[in-house]
Structure formats: C-alpha cells, structure tokens
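Okay, structure first, notes after.
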Amino acid sequence: LVLLVLCNYERDENTTYEMLDFLKGPESVSGYEKQFIKERLAGKYYKPFSYFAGTSPKNGYIPTEPFTITVYENPYSFDNENWAIMWVKSSGADTERQVKLRRKPSTNQWFLNEILCLSDIRIPESEDPWA
C-alpha cells in the first residue's frame with residue numbers, strides 16, 4: 001500500500017503523511033522521513049507510479065487497469081525476527097527496490113518501517129530531451 005499512498009503525494013502532502021502514519025502503526029512519519037520523501041519526489045511524482053504493471057518511461061509511467069504491484073521476497077527477506085524486507089520492481093530501474101516492514105508481536109501485524117524505493121529512475125520519455 002505504501003506505493004499507492006505515495007501516488008497521492010503531489011495532490012495532497014498532508015493526507016499522504018496521515019496515510020503513511022496509519023501504515024507505520026505505532027510510529028508516526030518523522031520530520032526526517034517527510035524531508036526525505038519531499039526531496040525524492042520533488043518534480044518526480046511519477047516515481048511511485050513506476051511500480052505498477054503496465055508502466056514504462058515510454059508511456060510516462062501511466063499504469064494499466066487493474067492496478068497491480070508485484071511484491072517479491074527472497075531467501076533473506078525474513079532473516080531477522082519481527083523484520084522483513086520486501087522487494088518491488090520499478091519499470092524505470094534495472095534492479096528491485098526495498099520496503100522494510102516491522103512486525104508487532106502482540107498483535108502479529110506488520111507495519112511499514114522504512115521506504116527504500118524512492119531512488120531515481122529513468123525519466124519519462126516526454127521529459128527527456130535526448131529521447
């Protein structure tokens with residue numbers, strides 16, 4: 001859900017942070033995290049859309065319906081108790097990116113811990129002067 005929530009950032013930053021707070025469970029989005037998200041998405045609001053099926057730099061990262069994001073795990077995803085690293089693939093990057101989760105043992109719920117999937121990707125062809 002984190003990528004879907006980040007798709008809302010350009011429209012409404014505050015609501016996006018409220019939704020991220022919900023995904024983080026007992027923690028809130030820190031000032032550092034807000035600044036990180038702001039810096040990573042500034043002028044590049046297409047980044048979270050690039051994780052949806054059907055997107056590409058060629059089509060400006062516009063997803064096809066039904067909206068689908070594939071989440072991967074690997075043999076090391078659950079190496080540490082109560083922690084998980086899941087992987088998502090951007091159509092604008094050559095390698096998968098991470099989303100880190102933390103489990104709350106008392107409720108057995110998993111919550112967002114760290115967003116590690118906002119690195120730069122290929123820009124949409126419509127914005128590329130060399131395309």
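Please treat every number below as a calculation from the coordinates, not as lab data. Source: prediction; values computed, not measured. Note that we place each Cβ from the backbone using ideal geometry, even for glycine, and neighbour counts take in every protein chain shown.
General observations
- Shape class of the stretch 2-119 from the Cα gyration tensor (axes a ≥ b ≥ c, square roots of the eigenvalues): oblate, since a/c reaches 1.5 or more and a/b does not exceed b/c.
- Each part gets one Cα centre, and for the stretch 55-71 versus the stretch 92-131 those centres are 14 Å apart.
- For the peptides 27-33, 3-9, 58-64, the ranking by mean Cβ contacts within 10 Å, running from highest to lowest, is 3-9, 58-64, 27-33.
- The mean sequence distance of close C-alpha pairs (under 8 Å, at least 6 residues apart), as a share of the length of the stretch 2-119, puts its relative contact order at 19 percent.
- Taking label positions 7 Å along the Cα-Cβ direction at both E65 and F111, the computed distance is 3.5 nm, reported to one decimal.
- Note on the chain: helix-only mean residue ellipticity at 222 nm, from DSSP H runs of 4+ residues weighted -39500 (n - 2.57) and normalised by residue number, equals -6000 deg cm²/dmol.
- Between helix 31-41 and the chain: long-axis angle, C-alpha atoms, 0 to 90°, nearest 10: 20
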